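Have a look at the structure below before the remarks.
The values are calculated or read from the model by the stated rules, or taken from the named source; none is laboratory data. Since the structure is predicted, the reported quantities are computational estimates derived from the model, not experimental observations. Note that each Cβ is placed from the backbone with ideal geometry, even for glycine, and that neighbours are counted across all protein chains shown. Please note that ligands, DNA and RNA were not included when accessible areas were found on the heavy atoms of the full protein model with its side chains. Shrake-Rupley method; radii C 1.70, N 1.55, O 1.52, S 1.80 Å.
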Amino acid sequence: VTYTVRDKAGNEGSCTGNVTVVEGTPTAPTAQCQNVEVMLDANGQGSVTPADIDNGSFDNCGSLSFSFTNDIQQLDFTCADVNTFSILIMEVTDNSGLSSTCTGEVVIKDDIAPVVSCKDITVELNANGLGFYSADMLDDGVVDNCELGQNSYPELPVSCNEIGTFPVTYTVRDKAGN
């Protein structure tokens, strides 16, 4: 800052000095967390960072840094974590080194349905005019980002009354219920 003084005759004198602004009594930042859902991707993986949990944390002066406890910057999840939840502690630290924490709940979800390929089948009737099929006989491959659930398909009878072609719906569910 330059300070200039002028007398009545128009003569000037000046000097330059620095102004240092410091935070008075430093106060800890305010940490604010939110609960989140992590949706697993097509590879059955997902992650969460402190930025995902942060819900508007703030400080009266300066910027903030975020981490989970133990300076962890990201937590990774897999199909083994589906439908589980974790309580995460996020730490917010300001430029003065002061910090505060908050907690957020993370729920792991799989919302990707299995992809099912079907094939046509032929059921040959026996000498009594009866035959049997089950929907899983139509299975030409199932792909899912996580594990398939327990699927069961009963054998269904057909007789001379059903000769011809008719549609059958083959439904597969994964462990997450998709």
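Criterion first (part of a loop (DSSP other than H, G, I, E, B), among the aliphatic types (A, V, I, L, M) and closer than 24 Å to L40 by Cβ) does I121 satisfy it? Judged against the criteria, I121 is not a match.
Residues checked against (1) more than 36 Å from the chain's Cα centre (by Cα); (2) free of Cβ contacts under 8 Å to residues at least 12 places away in the same chain; (3) on the phi < 0 side of the Ramachandran plot:
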position	(1), (2), (3)
C118	no, no, yes
F132	yes, no, yes
L138	no, no, yes
E147	no, no, yes
P154	yes, no, yes
N161	yes, yes, yes
F166	yes, yes, yes
T169	no, no, yes
K175	no, no, yes
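Against the test of being in contact with an Asp or Glu (Cβ under 6 Å, 6 or more places away or on another chain) and either closer than 13 Å to S99 by Cα or of a type outside the set (S, T, Y) (or both), the options C33, C61 yield a single qualifying residue, C61. Within the range 138-159, being open to solvent by 80 Å² or more (accessible area, probe 1.4 Å), under 29 Å from A127 (Cβ atoms) and either hydrophobic (A, V, I, L, M, F, W, C) or in contact with a strand residue (DSSP E or B) (Cβ under 9 Å, 6 or more places away or on another chain) (or both) holds for E155, P157. Close Cβ contacts (under 6 Å, 6 or more residues apart or on different chains) running from residues in the range 101-112 that are under 14 Å from N83 (Cα atoms) and open to solvent by 20 Å² or more (accessible area, probe 1.4 Å) to residues that are of a type in the set (A, V, I, L, M) and in a strand (DSSP E or B) comprise E105/I87; K109/M39; D111/M39. Considering the range 74-98, the residues that are open to solvent by less than 50 Å² (accessible area, probe 1.4 Å) and of a type in the set (S, T, N, Q) include one that is farthest from N151 (Cα to Cα), namely T93. A single member of T49, T16 is of a type outside the set (K, R) and farther than 30 Å from T103 by Cα, and it is T16.
Within the range 53-68, can one find any residue that is out of contact with any strand residue (DSSP E or B) (no Cβ under 6 Å at 6 or more places or on another chain), open to solvent by 60 Å² or more (accessible area, probe 1.4 Å) and on the phi > 0 side of the Ramachandran plot? No - not one qualifying residue is present in the range 53-68.
Checking each residue in the range 164-178 for being assigned to a loop (DSSP other than H, G, I, E, B) and surrounded by 12 or more Cβ atoms within 10 Å (Cβ to Cβ) picks out V168, Y170, V172, R173, K175, A176, N178.
Considering only the range 1-37, state which residues are open to solvent by 100 Å² or more (accessible area, probe 1.4 Å), under 30 Å from L75 (Cα atoms) and polar (S, T, N, Q). The answer is N35, and nothing else.
Scanning the range 45-79 for residues that are farther than 19 Å from P26 by Cβ, small (G, A, S) and more than 14 Å from the chain's Cα centre (by Cα) yields G56, S67.
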